[in-house]
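This report refers to the structure that appears directly beneath it.
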Amino acid sequence: MKRTRATTLIALAVGGAVVGFLVELAAAGGGIAVFIPPLTLPITLVAIAVIVVAFAVPIRRATHPRAGRTARPIDPFQAMRVVVLAKACSLSGALLTGGGIGFLVYLLSRAVIPASTSIVFTVTATVGAAILLAAGLVAEHMCRLPPEDKDDDPENAHAHST
């Protein structure tokens, strides 16, 4: 599995910002109340971020043992599930961060600025999404395998024996 690319994250964030702005614009144009994220959204996003990193810690410990400790075997299916979950968190975090920025741009671009609680809730949701994005990337990095030492490989032993 390949690492998450920055271009993918940027594209999702920009797409989320555009869609978020247009959804708010369409809602206001249709006479519907604009979307203000609830306070529970950033709390949930941060909780998911903590859980994803907590799932990645045992894999990191198994693949990168400290000095004096031996590497213990890990279940490859568990490791793959954690990597996929981490990648999903980084991608959805980028999309939600972009959406939050789109909502925020819409709210701040109005002639009459809305109540400060609307702006605070939108900013906290955007920060929570950014934390989810960062946690997904950290967890994905924690699940990397260490580089193999070419000197210990029996196939390459003949190259150093001459």
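The values are calculated or read from the model by the stated rules, or taken from the named source; none is laboratory data. Model, not experiment: these values are computed from the prediction. Methodologically, a virtual Cβ is constructed for each residue, glycine included, from the backbone with ideal geometry; neighbour enumeration extends over all protein chains shown. Note: accessible area is taken over every heavy atom of the protein model, side chains too, but ligands, DNA and RNA are not part of it. Shrake-Rupley method; radii C 1.70, N 1.55, O 1.52, S 1.80 Å.
Some points to look at:
- The chain - percent of accessible surface contributed by carbon and sulfur, probe 1.4 Å: 70
- Counting only protein heavy atoms and a 1.4 Å probe, the chain has 63 square angstrom of accessible area per residue.
- Theoretical ellipticity at 222 nm over the chain - DSSP helices of four or more residues, -39500 (n - 2.57) apiece, nearest 500: -24000 deg cm²/dmol
- Look at the dipole of the chain built from charges on Cβ: of Ala79, Leu95, Leu45, the Cα furthest out on the positive end belongs to Leu45.
- Taking the inverse of the mean reciprocal distance over all distinct Cα pairs, the Kirkwood hydrodynamic radius of region 1-153 comes to 17.2 Å.
- The charge dipole of region 1-136, taken about its Cα centre with unit charges on the Cβ atoms of Lys, Arg (+1), Asp and Glu (-1) only, comes to about 820 debye.
- Förster radius 22 Å - calculated FRET efficiency between Val18 and Ala134, Cβ distance, rounded to 0.05: 0.50
- Of the DSSP H helices in the chain, those that are both long (alpha-carbon extent of 24 Å or more along the helix axis) and hydrophobic (Kyte-Doolittle mean at least 1.6) are 6-29, 40-63.
- Taking 15 Å as the cut-off, no amide N atom of region 100-136 comes nearer than this to a point 7 Å along the Cα-to-beta-carbon line of Lys2.
- Region 88-119 and region 4-25 have Cα centres spaced 11 Å apart.
- Highest-MSF residue in the chain out of Val46, Val120, Val14 [GNM, Cα springs under 10 Å]: Val120
- Most tightly packed first, judged by the mean number of other beta-carbon atoms within 10 Å of their residues, the peptides 122-132, 32-42 read 122-132, 32-42.
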